[in-house]
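Engineer: Submitted below is the structure of interest, expressed as structure tokens.
The values are calculated or read from the model by the stated rules, or taken from the named source; none is laboratory data. Please read these numbers as outputs of a predicted model, since none were measured by experiment. Positions of Cβ are generated from backbone atoms using ideal geometry, with glycine treated the same way; all protein chains shown enter the neighbour counts. Heavy atoms of the whole protein, side chains included, go into the accessibility calculation; ligands, DNA and RNA do not. Shrake-Rupley method; radii C 1.70, N 1.55, O 1.52, S 1.80 Å.
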6 protein chains.
Amino acid sequence: MRPSKRAPDAMRKVTLERAVARYAEGSCLVTFGETKVLCTASLEERGPPWLRGSGKGWITAEYSMLPRATHERTRREVNSGKPSGRTQEIQRLIGRSLRAVTNLPAIGEKQISIDCDVLQADGGTRTAAITGAWVALHECFSWMRARSIISVDPLRDHVAAVSCGIYKGTPVLDLEYVEDSAADTDANFVMTGKGGIVEVQGTAEQEPFSEEQFLELLRLARGGISELVALQKQTIA
Amino acid sequence: MRPSKRAPDAMRKVTLERAVARYAEGSCLVTFGETKVLCTASLEERGPPWLRGSGKGWITAEYSMLPRATHERTRREVNSGKPSGRTQEIQRLIGRSLRAVTNLPAIGEKQISIDCDVLQADGGTRTAAITGAWVALHECFSWMRARSIISVDPLRDHVAAVSCGIYKGTPVLDLEYVEDSAADTDANFVMTGKGGIVEVQGTAEQEPFSEEQFLELLRLARGGISELVALQKQTIA
Amino acid sequence: MRPSKRAPDAMRKVTLERAVARYAEGSCLVTFGETKVLCTASLEERGPPWLRGSGKGWITAEYSMLPRATHERTRREVNSGKPSGRTQEIQRLIGRSLRAVTNLPAIGEKQISIDCDVLQADGGTRTAAITGAWVALHECFSWMRARSIISVDPLRDHVAAVSCGIYKGTPVLDLEYVEDSAADTDANFVMTGKGGIVEVQGTAEQEPFSEEQFLELLRLARGGISELVALQKQTIA
Amino acid sequence: MRPSKRAPDAMRKVTLERAVARYAEGSCLVTFGETKVLCTASLEERGPPWLRGSGKGWITAEYSMLPRATHERTRREVNSGKPSGRTQEIQRLIGRSLRAVTNLPAIGEKQISIDCDVLQADGGTRTAAITGAWVALHECFSWMRARSIISVDPLRDHVAAVSCGIYKGTPVLDLEYVEDSAADTDANFVMTGKGGIVEVQGTAEQEPFSEEQFLELLRLARGGISELVALQKQTIA
Amino acid sequence: MRPSKRAPDAMRKVTLERAVARYAEGSCLVTFGETKVLCTASLEERGPPWLRGSGKGWITAEYSMLPRATHERTRREVNSGKPSGRTQEIQRLIGRSLRAVTNLPAIGEKQISIDCDVLQADGGTRTAAITGAWVALHECFSWMRARSIISVDPLRDHVAAVSCGIYKGTPVLDLEYVEDSAADTDANFVMTGKGGIVEVQGTAEQEPFSEEQFLELLRLARGGISELVALQKQTIA
Amino acid sequence: MRPSKRAPDAMRKVTLERAVARYAEGSCLVTFGETKVLCTASLEERGPPWLRGSGKGWITAEYSMLPRATHERTRREVNSGKPSGRTQEIQRLIGRSLRAVTNLPAIGEKQISIDCDVLQADGGTRTAAITGAWVALHECFSWMRARSIISVDPLRDHVAAVSCGIYKGTPVLDLEYVEDSAADTDANFVMTGKGGIVEVQGTAEQEPFSEEQFLELLRLARGGISELVALQKQTIA
């Protein structure tokens, strides 16, 4: 029995609210249960120097948690002078996931900066961030098309993400913090609207896992992500 | 005429919403018009080493802006390796202001960490932060009293803050971003519920100002702060 | 046809040479073709403070490349003041992989530091590092047993790693640099001697990949890793 | 009674000695009692990139204390990797104060760097620094006029600064270290030769202060600053 | 009696192996007994901006030790955010020594980066590094001549280095770690093939040394360096 | 002919003024011509942790230049986040030189911090710093003896330093900036009152130098240092 009494294949309540940031070209507040992430997409005046002459655009992402997003207060990373290894892993993952469904030349030589700031953290912050960031990015592209900065939609597909894990021997979908802390195996899946896999990460926290277990996690993720994509479609409609 | 058509002595619409962060001991979402700051108060398990044996507690504050709180995206300070001078000035001001109305020995040898994260910035973020942080701190102390961690309320008075400035020759209260950018003189006032002055900062951006002008700014601030204190009282009631 | 003319399921020539560092408690020079990594295992006099009283040991790992391990000279990370995101991802992966097959309480409250320094880089440095680091760790534990610092072998199983990818549409094993640069999908697998999965990471560089493709990569990896484990057994015999 | 037996409205002995640094375009050694600050003004070959095309110049300031300027040795800030928050506040204050009395377009697109290095610290270092920096800046402009780099004097007025505070209930002028440490309220005033206010900063260290007290501090400051301006006039004569 | 039973004027066994790094334009693995340093010379696509228009090239050097090159594991400098003072002294020394025998204009406006990475450290790492780096640099220039990037050999002479010291009262050549730790005086000499002195560094660790002692160290060094130069000649033949 | 018209073996005018810093336990303002260095010696309440239980004391040194000590303004090192390689070399040299003439166990388990801050730089700042620091250290030990913190003088001898170089083919003593910039060879010598050599550093800037030239530099240095030691004796008398 899961702490939340959810069925093994049940997501938490997920909401996607767009146009929440007054000044950003695109934005989305995503919640997976008690996890809340504010995602913004900013069209940057000037991209990195290597974009010039490349004939394509770029999408980069940054991720951060408010100090008291967590059960215990977490030290601000600015005070240790650099983003932690975990933060860097997550920002690289978000950027790769979004670029995988984007036609970069269609953006022109511009950079979109995605910011995912975790307001509250109850597990699954990186997967919520990817799911919400896609909505913010979509809104940013709409803003750009409305101003004729681009002529076609650079998005080739949806992308969304969910975590799975083996909790007390049972594969379960969308772990919240208490499950995540106790899980034997923790996996994150990023998939497209058409069901293609963009990123798979599975880690044995204690005992190694079997191929069968991993395939069951993948099956759960596929179900969760199709729900997320459906909600994305509804949100941008 | 002010851009917002407000009277010179009119505040923007201010709201204080408490208990907005699930895990923090105290929290408050404060808005001054389009400026939005999330304030949390965290009781830290362990304070700085110099607290031990001092017989009193400490309140410290940190301040940050989300990158896209602003009209143009602002670079995260973690990427330059350290908080900017402006950030440090503001965090020191918030901490001093709260400590000025707190009976530190009544906290015991504990530290309360205040976090003020600007979700949206339209001028006056530091004064909104002080005003909201007081509510978060009050809630944190209530939480501690409910658990008998402290026996008396360490707060001796309210504290709130507002900015004033000379905009196109006229002293005005509670500047929003477009006014602030164009103001000749910019001043921040921090006062207590009883009307004592905790902090005064006035800066001539262009022309030096006169004592008369400064006293007019002080008069405006007094009016604004008494409204803010009234709202704080209503919020914690 | 692969640039090296290898069959899709063929590893490069792999060598594991142990006892190569005069002062380290354990060491191994591992080569996967032209990729060369020097792995050392150091028993640290003093572990991190949180080990004390925990009743168990810890294994941590650091990874670095010599500046001219690569085709073009790479800037030393010390000159940018911090390990890059990629470096941090890899060190975390190596540490997790080794801990997954170690009985940490059997080490006592000590820390083993693994250093993986890439002398020459032709793709697959992180998987070579994991494979070689296991040998260095094994040697370190033998050294400790010979001196009665520990009484039983803390290693519960072998662990080894290999990369796979989809190169020009074909799933292939153990990518070298030119393949890796051109691959559509890049995946790293870490498995135990008994065939359990410790870590799976798959990334679509361009086109998302299908479940079938991913399973084929997993099948290739299983074959490669069983060869690596056999070589580890031979090396420590 | 003040520790120094000075009357409440008495400044310490102040000296301003100009042309003390052989290589700087302008310099001044300022002493307020035992506080000694070496101020230099350097005409920079190259200003910040944003000056180009702006049609005006810039004045920036840096502040530092020698480690043993203080009663106890203070750690060098270079060893903590960055200027402290206090240092940054002070350098920003010095720069703003000087710019407030300077006709920036008259400098041309050049930068003047002011360096204020505290050789000995007995309270009031920032106010001494501002007062001496004005003399160094004046000397630098004279140097530039003598070489026809500029044709008119960019200085529109004098600027000087002094601290005041409430010491044992009495408002006093120009606090030395022992008074400053014990003062209830600490305020710094920066004013022009014509009596305009450039900057006001007042902080309640313990008890909030009243408007009346603040006005009395302002009155004291006005007296002190008029003495400082008289001394500046005498120095540059 | 020296720990190694060597005569006072006997070098350890020295080897120079060139062309050891597959991708570098020049490389040399140098060993002085158990001290092993991998030296590479990299022709950089782009030198520092100040090279442009200077009409000459530049040689810069970096030095690092693998963490377990040493008897006890040494912390990686990247984790303290900057090269240590010792590392910087050594890299400056290597660069100066090589530049002293190079005709810099003959390189053109290019930069050669020398990397000296200590694989194993048993005393004398900086002198081994200089001696091996010369071979790597020579190989790099041959590579450049073969491709007509330069037309004449920029090397004007050999350069090599050795350490000497006063161990238990006796001047000895080429100190290994145990001697170095116990030596009263430690000196490093860098000389050319023609016997000119490029750099002399002598330090009294305990007792000051006399001119006579210093001259004896110089005599020993001269002997050792002539052996090293002979070996360099043999290596590049 | 030297720019200053000095004879090759003539020092600049040297002055040593002690007790110049009000709060330091020892201090000395040293001038070598236009080079001016303020040296202080501070008895630290708490030394580094490794001093405890060692039975001896420690002397450490820090060196810095004011930004406008130099002909052109130099950037503060705090702004690049760390001391430069040159600064670190010099601080290590000053510390070693002073420790070489000090009986460290006689200090007890305390640390003396030497600060050498260059107020004006016209060549030879490091040698002036060592010469002046000895006086500051002597004064600090007198202060400690007067308070019975130590019972015997830990100083075993004087130590002083001077630079020499080959300027337009002629060996000369005590180089000022214009000579130093143009010198072929630059050498620094640190010697004791009894004539023992503590440190020798000689560098060929262009052409290697011969043993004969080096011995001539040593002879010049010996003369200069004996003058400096005589002046130290006079200063502390």
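Engineer: Hey, residue A:150 hits all of (1) assigned to a helix (DSSP H, G or I); (2) within 20 Å of residue A:24 (Cα to Cα) but one; which does it fall short on?
Structural biologist: (1)
Engineer: Taking residue F:18, is it at pLDDT 95 or above, over 19 Å from residue D:40 (Cβ atoms), open to solvent by less than 50 Å² (accessible area, probe 1.4 Å) and not hydrophobic (A, V, I, L, M, F, W, C)?
Structural biologist: Here the answer is no, as residue F:18 does not meet what is asked.
Engineer: Would you confirm whether any residue within region D:68-79 is at the interface with chain B (Cβ under 9 Å from one of its Cβ atoms), within 28 Å of residue D:45 (Cα to Cα) and either in contact with a strand residue (DSSP E or B) (Cβ under 8 Å, 6 or more places away or on another chain) or not in a loop (DSSP other than H, G, I, E, B) (or both)?
Structural biologist: No; the residues of region D:68-79 include none that is at the interface with chain B (Cβ under 9 Å from one of its Cβ atoms), within 28 Å of residue D:45 (Cα to Cα) and either in contact with a strand residue (DSSP E or B) (Cβ under 8 Å, 6 or more places away or on another chain) or not in a loop (DSSP other than H, G, I, E, B) (or both).
Engineer: With the requirement that a residue be touching a residue at least 24 places away in the same chain (Cβ under 8 Å), open to solvent by less than 10 Å² (accessible area, probe 1.4 Å) and touching a Ser or Thr at 6+ places or on another chain (Cβ under 9 Å), what does region B:194-218 give you?
Structural biologist: Within region B:194-218, B:198, B:199, B:209, B:214, B:217 qualify.
Engineer: Here is a further query. Look through B:86, B:96 and report the one residue that is within 14 Å of chain D (Cβ to nearest Cβ) and in contact (Cβ under 8 Å) with a residue 40 or more places away in the chain.
Structural biologist: Just one listed residue meets the conditions, B:96.
Engineer: Which residue out of E:145, E:92 is at pLDDT below 95 and part of a helix (DSSP H, G or I)?
Structural biologist: E:92
Engineer: Would you pick out the residues in region C:178-196 that are outside any strand (DSSP E or B) and not charged (D, E, K, R)?
Structural biologist: C:178, C:181, C:182, C:183, C:193, C:195, C:196
Engineer: Could you list all residues from region D:151-169 that are open to solvent by 10 Å² or more (accessible area, probe 1.4 Å) and closer than 20 Å to residue D:196 by Cβ?
Structural biologist: D:153, D:155, D:156, D:157, D:158
Engineer: Between a residue in region B:180-193 that is over 12 Å from residue B:218 (Cα atoms) and any residue that is among the acidic types (Asp, Glu) and outside any loop (DSSP other than H, G, I, E, B), which pairs come within a Cβ distance under 9 Å, given they are 6 or more apart or on different chains?
Structural biologist: Listed pairs, sorted by first residue: B:180/B:186.
Engineer: I want to confirm something. Restricting to region F:96-135 and keeping residues that are out of contact with any Leu (no Cβ under 6 Å at 6 or more places or on another chain) and among the charged types (D, E, K, R), which single residue is farthest from residue F:68 (Cα to Cα)?
Structural biologist: F:110
Engineer: In addition: Criterion first (outside any loop (DSSP other than H, G, I, E, B), out of contact with any Pro (no Cβ under 7 Å at 6 or more places or on another chain), within 15 Å of residue B:12 (Cα to Cα) and modelled with pLDDT of 95 or more) does residue B:175 satisfy it?
Structural biologist: no
Engineer: Could you tell me which numbered condition residue A:54 fails, if it satisfies all but one of (1) closer than 15 Å to residue A:131 by Cα; (2) open to solvent by 10 Å² or more (accessible area, probe 1.4 Å)?
Structural biologist: (1)
To keep it simple, each residue is scored yes or no on (1) farther than 23 Å from residue A:97 by Cα; (2) within 9 Å of chain A (Cβ to nearest Cβ); (3) among the small types (Gly, Ala, Ser); (4) surrounded by 22 or more Cβ atoms within 10 Å (Cβ to Cβ).
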| residue | (1), (2), (3), (4) |
| --- | --- |
| C:149 | yes, no, no, no |
| C:171 | no, no, no, yes |
| C:220 | yes, no, no, yes |
| C:223 | yes, no, yes, no |
| C:237 | yes, no, yes, no |
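Engineer: Quick test of your reading of the structure: residue D:118 fulfils all but one of (1) outside any loop (DSSP other than H, G, I, E, B); (2) open to solvent by less than 40 Å² (accessible area, probe 1.4 Å); (3) within 14 Å of chain B (Cβ to nearest Cβ). Name the failing condition by number.
Structural biologist: Every listed condition holds for residue D:118 apart from (3).
Engineer: Additional query: When the residues of region F:57-81 are narrowed to those that are of a type in the set (D, E, K, R) and either touching a helix residue (DSSP H, G or I) at 6+ places or on another chain (Cβ under 7 Å) or open to solvent by 60 Å² or more (accessible area, probe 1.4 Å) (or both), which ends up farthest from residue F:149 (Cα to Cα)?
Structural biologist: Applying the filter and picking the extreme gives F:72.
Engineer: What are the residues in region E:78-133 that are among the β-branched types (Val, Ile, Thr) and over 24 Å from residue E:235 (Cβ atoms), if any?
Structural biologist: Across region E:78-133, the qualifying residues are E:78, E:87.
Engineer: Another question, if that's okay. Restricted to region C:178-202, and to residues that are among the aliphatic types (A, V, I, L, M) and in contact with a Pro (Cβ under 7 Å, 6 or more places away or on another chain), which residue is farthest from residue C:131 (Cα to Cα)?
Structural biologist: Within region C:178-202, the match that is farthest from residue C:131 (Cα to Cα) is C:178.
Engineer: Filter region E:28-62 for residues that are more than 10 Å from chain C (Cβ to nearest Cβ), outside any loop (DSSP other than H, G, I, E, B) and either within 20 Å of residue E:104 (Cβ to Cβ) or aromatic (Phe, Trp, Tyr) (or both) and give the result.
Structural biologist: Across region E:28-62, the qualifying residues are E:32, E:49, E:50, E:51, E:58, E:59, E:60, E:61.
Engineer: From the list D:106, D:133, which one is more than 12 Å from chain B (Cβ to nearest Cβ), assigned to a helix (DSSP H, G or I) and closer than 23 Å to residue F:120 by Cβ?
Structural biologist: Answer to the check: D:133.
Engineer: Here is a follow-up. Return a yes/no flag: does region B:30-50 have any residue that is aromatic (Phe, Trp, Tyr), closer than 26 Å to residue B:142 by Cα and open to solvent by less than 50 Å² (accessible area, probe 1.4 Å).
Structural biologist: Checked region B:30-50: at least one residue is aromatic (Phe, Trp, Tyr), closer than 26 Å to residue B:142 by Cα and open to solvent by less than 50 Å² (accessible area, probe 1.4 Å).
Engineer: I need the full set of residues from region C:32-49 which are among the basic types (Lys, Arg) and over 20 Å from residue C:64 (Cβ atoms), in order please.
Structural biologist: The one that is among the basic types (Lys, Arg) and over 20 Å from residue C:64 (Cβ atoms): C:46.
Engineer: Here's something else I'd like to know. Looking at the structure I just gave you, is residue D:97 in a helix (DSSP H, G or I) and open to solvent by 20 Å² or more (accessible area, probe 1.4 Å)?
Structural biologist: no
Engineer: Another one. Being surrounded by fewer than 19 Cβ atoms within 10 Å (Cβ to Cβ), modelled with pLDDT under 95 and farther than 22 Å from residue B:147 by Cα is the requirement here; does residue B:8 meet it?
Structural biologist: It is false that residue B:8 is surrounded by fewer than 19 Cβ atoms within 10 Å (Cβ to Cβ), modelled with pLDDT under 95 and farther than 22 Å from residue B:147 by Cα.
Engineer: Moving on. So, residue F:199, is that one facing chain E (nearest Cβ under 9 Å), in a loop (DSSP other than H, G, I, E, B) and not aromatic (Phe, Trp, Tyr) or not?
Structural biologist: no
Engineer: Just give me the residues in region E:126-147 being of a type outside the set (Lys, Arg), in contact with a strand residue (DSSP E or B) (Cβ under 8 Å, 6 or more places away or on another chain) and open to solvent by 10 Å² or more (accessible area, probe 1.4 Å), in sequence order.
Structural biologist: Answer for region E:126-147, where residues must be of a type outside the set (Lys, Arg), in contact with a strand residue (DSSP E or B) (Cβ under 8 Å, 6 or more places away or on another chain) and open to solvent by 10 Å² or more (accessible area, probe 1.4 Å): E:138, E:139, E:142, E:143.
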